[in-house]
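Asks: Before we start, here is the structure in question, set down as structure tokens.
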Amino acid sequence: MILDIIGDIPAKEGLILKINGVEKELNATNKKVRFQLPDEEEHMVYFKQKKRRQRNPVTSLLIFLLTAIIQGFANLLVMNESVAWFRNLQPYLMKGHFSLPHKAHTVIALKYLPSQYLDELETWSKPQLVILESEQNTDQPQWNVLEAENLLIRYEKDLKQFDYRFGAYIRKVVSTALIWVILFTTLLVAAYLKEITVGQVVLIILLLGIFAVSAFLIIVQYLKKKKLLANFLKIDSE
């Protein structure tokens, strides 16, 4: 039996498949795997979502310090300082299994549907795995939803994603503020050298305002993170 599995997997995600002790990975770049299986009545397909890679905190900090100015300019150009950092957060990892009936040549597709932020509940839906089947192995097959037997999905909380996403938001705020600090500091030095007192006062106020606004944004979103995390743990345990 030849089993081809095609993956519709978002970037930065991966599914590890295991059949009869053989493991292969589906991801955004490796979109198709093939298993050659003995002729049996059915085969159990085990899957687990690959754990998301996390940068070493020290390495991440060094990279940020070296690229903060570049990141700040990029954030200003694309206005990339949205406070909705939590909307694309993926707080679940899933694993499970399903069985397939015996066929000489089977082509299936696994479509990974990521978590979605639910505004009314202030939490996230669980990701889903949709299994599709094609009768013919063609370049553009016609897919139908496959009612896989014994489909079981279990979920694991990936709480590190809260700190990871919030940390990314902090870096955006700090790098953006850094550009304004450099600009206003340069103007302040110029105003000092030319003895423009009013300009010096205005620029000092602007600098203090940048620090105050940045601190305010970070504190507000930190409290938001704590609330979302507590709500997520509470609802998921109910």
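The values are calculated or read from the model by the stated rules, or taken from the named source; none is laboratory data. Owing to the predicted nature of the structure, the values given are computational and were not obtained by experimental measurement. A quick note on method: Cβ atoms are made from the backbone with ideal geometry, for glycine too, and the neighbour counts reach across all protein chains shown. To get the accessible areas, we keep the full protein, side chains included, count just its heavy atoms, and leave off ligands, DNA and RNA. Shrake-Rupley method; radii C 1.70, N 1.55, O 1.52, S 1.80 Å.
Asks: Starting at 0 and stepping by 10 Å, how many percent of the alpha carbon pairs of segment 72-122 end up in each bin?
Replies: Histogram of Cα-Cα distances, whole percents per bin: 15, 28, 24, 17, 11, 4.
Asks: As a test question: what accessible area, to the nearest 10 Å², does L17 have when a 1.4 Å probe is rolled over all protein chains in place?
Replies: Per-residue accessible area (L17): approximately 0 Å².
Asks: Further question: Let me cross-check T29: its accessible surface, 1.4 Å probe, with only protein heavy atoms counted, in Å² to the nearest 10?
Replies: Probe radius 1.4 Å; accessible area of T29 about 130 Å².
Asks: To the nearest 10 degrees, how steeply does helix 160-193 sit against the main Cα axis of the chain, on a 0 to 90 scale?
Replies: Helix 160-193 sits at roughly 20 degrees to that axis.
Asks: Still on this structure, please answer the following. Using only Cα atoms, tell me the angle between helix 57-78 and the longest principal axis of the chain; keep it within 0 to 90° and round to the nearest 10.
Replies: 70 degrees
Asks: Cα to Cα, under 22 Å, and not fewer than 8 places away if on the same chain: which lysines meet these conditions relative to K32?
Replies: K12, K18, K24, K48, K50, K51, K95, K103, K111
Asks: With n ≥ 4 as the cut-off for DSSP H runs, can you work out [θ] at 222 nm for the chain, using -39500 (n - 2.57) per run divided by the number of residues, rounded to the nearest 500?
Replies: Value at 222 nm, helices only, nearest 500: -15000 deg cm²/dmol.
Asks: Of the accessible area of segment 1-97, with the probe set at 1.4 angstrom, what percent is carbon plus sulfur?
Replies: 57 percent
Asks: Using only Cα atoms and rounding to the nearest 10 degrees, what angle (0 to 90) does helix 197-237 make with the longest principal axis of the chain?
Replies: 30 degrees
Asks: What accessible area per residue, rounded to a whole number of Å², is obtained for the chain using a probe radius of 1.4 Å?
Replies: About 62 Å² of surface per residue is accessible.
Asks: While we're on this one: Where does the chain land on Rg/Rh, using Cα atoms and the Kirkwood Rh?
Replies: That ratio equals 1.16.
Asks: Could you tell me the extents of segment 1-72's C-alpha atoms along the three principal axes, largest first, rounded to whole Å?
Replies: Computed over the Cα atoms, the extents are 60, 19, 12 Å.
Asks: Continuing with this model, one more query. How much length is gained on full extension from L223 to D39, taking 0.36 nm per residue of separation minus their Cα-Cα distance?
Replies: 60.6 nm is the gain from fully extending L223 to D39.
Asks: When the scattering of segment 61-101 is computed by the Debye formula from its Cα atoms alone, each counted once and equally, what is log10 I(q)/I(0) at q = 0.21 Å⁻¹?
Replies: -0.85
Asks: Further, regarding this structure: What residues qualify as long-range amide H neighbours of D158, i.e. H under 5 Å apart, gap of 5 or more or another chain, H built at 1.01 Å from N?
Replies: Amide H neighbours of D158: Y92, L93.
Asks: So which residue, out of N27, N144, N88, gets the largest mean-square fluctuation from a GNM of the chain using Cα contacts under 10 Å as springs?
Replies: N144
Asks: Rank T186, T176 by accessible area, highest first, at a 1.4 Å probe radius?
Replies: T186, T176
Asks: Build a GNM of the chain with springs between Cα atoms under 10 Å: which of G14, G167, G199 gets the top mean-square fluctuation?
Replies: Looking only at G14, G167, G199, the biggest GNM fluctuation is shown by G199.
Asks: Something else about it: Hey, can you grab everything whose amide H is under 5 Å from the amide H of D8? Only 5+ residues off in sequence or another chain; H modelled, so Pro and N-termini drop out.
Replies: Here L110, K111, Y112 satisfy the definition.
Asks: Sort out the exposed loop trypsin sites (Lys or Arg not before Pro) in the chain (DSSP loop, at most 10 other Cβ within 10 Å) and tell me the longest stretch that has none.
Replies: Of all site-free stretches, the longest is 54-193.
Asks: Give me the extension gain from N56 to R87: residue separation times 0.36 nm, minus the current Cα-Cα distance, reported in nm with one decimal.
Replies: Once the chain is fully extended between N56 and R87, it gains 8.8 nm.
Asks: While we're on this one: So for segment 38-128, what are the equivalent ellipsoid semi-axes in whole Å, largest first, each being the square root of 5 times an eigenvalue of the Cα gyration tensor?
Replies: 40, 19, 13
Asks: Loop only by DSSP, 12 or fewer other Cβ within 10 Å of the Cβ. Give me the chymotrypsin sites (Phe, Trp or Tyr not before Pro) in segment 149-198 that pass, ordered by residue number.
Replies: none
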